[in-house]
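The values are calculated or read from the model by the stated rules, or taken from the named source; none is laboratory data. Treat the numbers as computed from the prediction; the structure is a model and nothing was measured. All Cβ positions, glycine included, derive from the backbone under ideal geometry; neighbour counts span all protein chains shown. To get the accessible areas, we keep the full protein, side chains included, count just its heavy atoms, and leave off ligands, DNA and RNA. Shrake-Rupley method; radii C 1.70, N 1.55, O 1.52, S 1.80 Å.
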Amino acid sequence: MIAIVLNGEAKEIAAGQSILDLVLSLNLPSDRLAVEHNLKIVKRDQWNGQRLQDGDKVEIVQFVGGGSAGIG
């Protein structure tokens, strides 16, 4: 196990996990996410190749659609 900081909170994950593994383990819709790894945005096509290491900082932001009809 390794320790990372995920969205400001300590989290233990299995060693060798990629960003994609982390996203999948969180059951998040990957098509609506932005991921920052150690202060750098990681493109979706690089998630599988980006391995997480002890002490890494990860921020995951989920885009939420919505709005209200009749505005304007």
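How large a share of the accessible area of the chain, in percent, is made up of carbon and sulfur atoms when the probe is 1.4 Å and the other protein chains stay in place?
Values: 2470 of 5010 Å².
For the chain, the apolar C and S fraction of the accessible surface comes to 49 percent.
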Note the listed values (1) 24, 16, 9; (2) 21, 14, 12; (3) 27, 12, 11, then indicate which one is semi-axes √(5λ) of the Cα gyration tensor in Å calculated from this particular structure. (3)
Which part of the stretch 6-42 falls in the paramagnetic zone of ARG51, meaning amide N under 18 Å from the point 7 Å along Cα-to-beta-carbon? 13-23, 37-38
Averaging sequence separations of C-alpha pairs under 8 Å and six or more residues apart, then dividing by the length of the chain, give the relative contact order as a whole percent. 41 percent
